Amino acid sequence: MGIWFRDFTLDELNAMSRETLGEHLGITFTEIGADCLSASMPVEGRTKQPDGLLHGGASMALAEHLGSVAANLCVDPERTVCVGQEINANHVRGVSSGTVTGVARPVHLGRRSHVWEIRISTEDGKLVCISRLTMAVVDR
């Protein structure tokens, strides 16, 4: 179970993304680890800039979607919810096709805040973007 409040399946996580920005961008959860969560996104028309490269905003949307879901999986949903406070990203490589995969890992899991690192890579493991997401943990 690791850091997660309860066990989740990939089917449950992907169902949570229906009718959201994540679904619109083709983001699919692919792996639940003991201390990480992974999701993939296609590099295609809806995620590219006009010049044909993966849009930096799409990378940030993948990072925020992944990190937000991960943070909320770590708390008791009856008592608290995690909401985004700040996100930053360094885009280190352009990508024009294929699929990118993000892996979210916690840097800090506190009572009132979480900090997550999300690394986005190509299919052959080359780093595309590294992002840090700060989430506020607030009472329901």
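Quick rundown of the values:
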{"item": "Long-range neighbours under 8 Å by Cβ, at least six apart or interchain, first residue under 13 Å from L25 (Cβ atoms) and among the hydroxyl-bearing types (S, T, Y) within region 93-105, second in a strand (DSSP E or B) and at pLDDT 95 or above", "result": "T99/S40; T99/M41; T99/P42"}
{"item": "Residues satisfying the stated conditions in region 16-32, i.e. in a loop (DSSP other than H, G, I, E, B) and charged (D, E, K, R)", "result": "R18, E19"}
{"item": "Of the criteria (1) under 24 Å from H108 (Cβ atoms); (2) of a type in the set (A, V, I, L, M); (3) not in a helix (DSSP H, G or I), which one L13 fails", "result": "(3)"}
{"item": "Top-ranked residue of region 1-34 - restricted to ones that are touching a residue at least 24 places away in the same chain (Cβ under 8 Å) and of a type in the set (S, T, N, Q), ranked as nearest to Q49 (Cα to Cα)", "result": "T20"}
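The values are calculated or read from the model by the stated rules, or taken from the named source; none is laboratory data. The structure displayed is predicted, hence computed values, not measured ones. We place every Cβ from the backbone using ideal geometry, glycine too, and count neighbours over all the protein chains shown.
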